Structure formats: structure tokens, C-alpha cells
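Novice: Quick one: the structure is below, and I'll ask about it shortly.
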Amino acid sequence: MKVFVYHTPELTPTERMPDCAIAVDVLRATSTIATALNAGAEAVQAFSDLNKLMEVSASWPADKRLRAGERGGSQVEGCDMGNSPLDCTPERVAGRRLFITTTNGTRALQRVQSAPAVLAAALINRQAVVQYLRDRQPETIWILGSGWEGSYSLEDTICAGAIVDRLLSETNTEPRDIAGNDEAIGSLALYRQWDRDLLSLMYLASHGQRLLRLQRDEDLKYCAQTDVLDVVPIQKEPGVLVKL
């Protein structure tokens, strides 16, 4: 296995796809996707375009759908919820399809949706994703951070590093054996610097500060946890993720 880390969708190669692509948006799209599927959502369907989300979701019965829309960290008018994983309780999402559009994370999923295997990862389901990689042994793996409107984000990079770190431990290998680019080494170093205090890193991150201004500190605390959900969101058809 060779792991390549890309900090934003814009930085990924355009002429090829990996055997397995892992989209990461710790704050908060992939954390929300993993939580919704763990809570019993039928599927999560991701859109980069809000109008398209509204059009497609209109064909579903109202009691079988939830529209989740976020721009700039805030809920979009006309949607049932924003992009908080804490809203994804079993009582709310079980048996329903979550139609979601966010500022960054859904763009990342769209960028790699033609890969043979597409996963959604966050810190909260890191171990489950690593177990999938151990079992399937894909030759090339891309971990794609969502960033923030095309720029680098600390929290996505540290999640990539957390995946690399656990993969090294689980396979008893050295960084040189699996790192496909310098970004994989850099993300590993960042994670090992902050692994004992991930929440403090979230508070330092620009998007973490943005969420604090929106009084979403409980979201930060939730998203900073590691390995609390045993769920692997995997793409069933382009843009549609289900629980493996």
C-alpha cells in the first residue's frame, strides 16, 4: 500500500484515480456522515450544489428524507438541519436518507467519486477505516482533505496523519514503506505532535475558531474524539454513501 495525502480537492491529480480514495472533512461533513450512518440513516447523498440537492430530494417522501445544508458554518435556510453531527440522533435520522451539502466536504467527495472505492473518514471513525484498508490492501490510497474554500486546514491534515499512524502500527511498517508523498510524512508528524491534545489543535485551527464564534464548541469536542464509531461510510453509487 502507498498512501498519498492531498490537502484540498484542488491539489489532487486530475489524470488518474487511486484504488481507494478517502475524503476527510473533520469539521464537519465526514464527521456528520459517519454519525448519521451509525445512527441508522438509510444513506447519505452528498451534493456540492444546493439547488441540485433540493431538486433530487424533492422526489423522496418528506418522512424519508432530511435536508442538511451548510454554508460558512451556518445552516442554510430551507433545510432541516445544518452540518452538526450532534443533530444526527437515531430518533431523527434512522431509516431516512440524509441529503447533504456543505462548504467543503461534499466538494471533496465529488472530486474522487469515480475511484473504485470511496470512503468518508474523520477522527471519530479512524480505526474502522484503517481496518478496512488492512483487510482490502488497496495498492494506492489517497487521503483527500477538504480544507476551507481551497485553502489548507489543520484538522483534515491531522486526521490524515492519524490514519497513517494507525496504519503503520497495524501493519508493523515504517513511514518510508507506505508514504507516497511528502504530505503523508508531514501529516504524520503533525498528528504525532498533537495526538495527546487534539481538541487544543481544533481550537487553534481557523475553522475551529469560526465554529467557536458560532457557539459550536460541543461540535469541536465531539469531532476531536478518536475511534468512537465503528462505521465505514462507503460510496454505493456516485455521491451516495452507505454503512459498510
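Novice: Which count do you get for residues in the stretch 26-44 that are surrounded by 24 or more Cβ atoms within 10 Å (Cβ to Cβ) and farther than 23 Å from LEU198 by Cα? Working first, answer last.
Specialist: First, pick out the residues of the stretch 26-44 that are surrounded by 24 or more Cβ atoms within 10 Å (Cβ to Cβ): 26-37, 41, 44.
Within this subset, residues satisfying the condition of being farther than 23 Å from LEU198 by Cα are 37, 41, 44.
Residues flagged as surrounded by 24 or more Cβ atoms within 10 Å (Cβ to Cβ) and farther than 23 Å from LEU198 by Cα within the stretch 26-44 amount to 3.
Novice: Being open to solvent by less than 60 Å² (accessible area, probe 1.4 Å), farther than 18 Å from LEU109 by Cα and within 16 Å of the chain's Cα centre (by Cα) is the filter here, so list the residues in the stretch 85-99 that pass it.
Specialist: CYS88
Novice: Related question: Return the pair list, or none, for Cβ contacts closer than 6 Å from residues in the stretch 68-80 that are in contact (Cβ under 8 Å) with a residue 60 or more places away in the chain to residues that are open to solvent by 20 Å² or more (accessible area, probe 1.4 Å), at least 6 apart or on different chains.
Specialist: Within 6 Å, the pairs are GLY73/ARG210; GLY73/LEU214.
Novice: Restricting attention to strands (runs of 3 or more DSSP E) lying wholly within the stretch 59-136, give those where 1 or more residues are among the acidic types (Asp, Glu).
Specialist: Filter on the stretch 59-136 gives 65-71.
Novice: Please work out which residue is nearest to PRO18 (Cα to Cα), limiting yourself to the stretch 159-181 and to residues that are of a type in the set (Asp, Glu), free of Cβ contacts under 8 Å to residues at least 40 places away in the same chain and in a helix (DSSP H, G or I).
Specialist: Taking the stretch 159-181 as the starting set, the residues that turn out to be of a type in the set (Asp, Glu) are 165, 170, 174, 177.
Cutting the leftovers down to free of Cβ contacts under 8 Å to residues at least 40 places away in the same chain gives us 165, 174, 177.
Checking which are in a helix (DSSP H, G or I) leaves us with 165, 177.
Working: ASP165: 20, ASP177: 17 Å.
Top of the filtered list is ASP177.
Novice: Can I ask one more? For the stretch 200-230, what are the residues that are open to solvent by 20 Å² or more (accessible area, probe 1.4 Å) and either closer than 21 Å to VAL129 by Cα or of a type in the set (Lys, Arg) (or both)?
Specialist: Looking only at the stretch 200-230, we keep the residues that are open to solvent by 20 Å² or more (accessible area, probe 1.4 Å), and these are 200, 203-204, 206, 209-210, 212-218, 221-222, 225-230.
Within the stretch 200-230, ARG210, ARG213, ARG216, LYS221, TYR222, GLN225, THR226, ASP227, VAL228, LEU229, ASP230 qualify.
Novice: Residue under question is GLU10, and the condition is that it be within 29 Å of LEU188 (Cα to Cα) and not basic (Lys, Arg); does it hold? Even if it seems obvious, please write down each step before you answer.
Specialist: Working: within 29 Å of LEU188 (Cα to Cα): yes; not basic (Lys, Arg): yes.
In short, yes.
Novice: Now for a separate question. If you check ALA23 against the conditions, is it touching a Gly at 6+ places or on another chain (Cβ under 8 Å), buried (at least 16 other Cβ atoms within 10 Å of the Cβ) and not in a loop (DSSP other than H, G, I, E, B)? Lay out the reasoning, then the answer.
Specialist: Details: touching a Gly at 6+ places or on another chain (Cβ under 8 Å): yes; buried (at least 16 other Cβ atoms within 10 Å of the Cβ): yes; not in a loop (DSSP other than H, G, I, E, B): yes.
So ALA23 fits the description; yes.
The values are calculated or read from the model by the stated rules, or taken from the named source; none is laboratory data. This one's a predicted model, so the numbers in the text were calculated from it and none came from an experiment. Ideal geometry is used to build each Cβ from the backbone, glycine not excepted, and the neighbour counts take in all protein chains shown. To get the accessible areas, we keep the full protein, side chains included, count just its heavy atoms, and leave off ligands, DNA and RNA. Shrake-Rupley method; radii C 1.70, N 1.55, O 1.52, S 1.80 Å.
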